[in-house]
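Below is one structure; the comments refer to it alone.
The values are calculated or read from the model by the stated rules, or taken from the named source; none is laboratory data. Please read all numbers here as calculations on a predicted model, not as lab measurements. A quick note on method: Cβ atoms are made from the backbone with ideal geometry, for glycine too, and the neighbour counts reach across all protein chains shown.
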């Protein structure tokens, strides 16, 4: 069996740091990786095993939403979480339509992310 992994696609490393701390605090042995492009993300997912991919809405929503779509199409077993900094109902709807398993936008707290990822990883295993 392949080992679980958490992939975080973002520009500043904040979500990855939050998730690393939560994984370590709970004694889990899941690597938290930060691929910088679509190809790198897909390459890591093709290794197999349970995976959760966190995609943060940033400066290029088209690229981030394309990543969600490609993951849903090419790696349907991987769970995806779409995270944003602003309340944006239309963007949330598109993320759901493209296969996100969870959309985390304000007014929901970003502090919920570790529990969401851990729950999705449990489903993936």
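Conditions (1) in contact with a strand residue (DSSP E or B) (Cβ under 9 Å, 6 or more places away or on another chain); (2) buried (at least 16 other Cβ atoms within 10 Å of the Cβ); (3) over 18 Å from residue 14 (Cβ atoms), marked per residue:
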| position | (1), (2), (3) |
| --- | --- |
| 50 | yes, yes, yes |
| 53 | yes, yes, no |
| 57 | yes, yes, no |
| 68 | yes, yes, yes |
| 73 | no, no, yes |
| 78 | yes, yes, yes |
| 83 | yes, yes, no |
| 88 | no, yes, yes |
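Note on the stretch 29-59: residues that are assigned to a strand (DSSP E or B) and closer than 15 Å to residue 76 by Cβ amount to 3. Out of all the residues in the stretch 3-28, which are outside any helix (DSSP H, G or I) and out of contact with any strand residue (DSSP E or B) (no Cβ under 9 Å at 6 or more places or on another chain)? Across the stretch 3-28, the qualifying residues are 3, 13, 26, 27, 28. Residue 100 - would you say it is crowded, with 18+ Cβ neighbours inside 10 Å, outside any strand (DSSP E or B) and touching a strand residue (DSSP E or B) at 6+ places or on another chain (Cβ under 6 Å)? Considered against the rule, which asks whether it is crowded, with 18+ Cβ neighbours inside 10 Å, outside any strand (DSSP E or B) and touching a strand residue (DSSP E or B) at 6+ places or on another chain (Cβ under 6 Å), residue 100 comes out as yes. Among residues of the stretch 1-29 that are over 30 Å from residue 62 (Cβ atoms), those with a Cβ under 7 angstrom from a residue that is surrounded by fewer than 18 Cβ atoms within 10 Å (Cβ to Cβ) and modelled with pLDDT under 95, sequence gap 6+ or separate chain, pair up as 1/49; 2/47; 2/48; 2/49; 3/49. Here the stretch 105-125 is the region considered, the condition is being outside any helix (DSSP H, G or I) and out of contact with any helix residue (DSSP H, G or I) (no Cβ under 6 Å at 6 or more places or on another chain), and the residue that is nearest to residue 52 (Cα to Cα) is 125.
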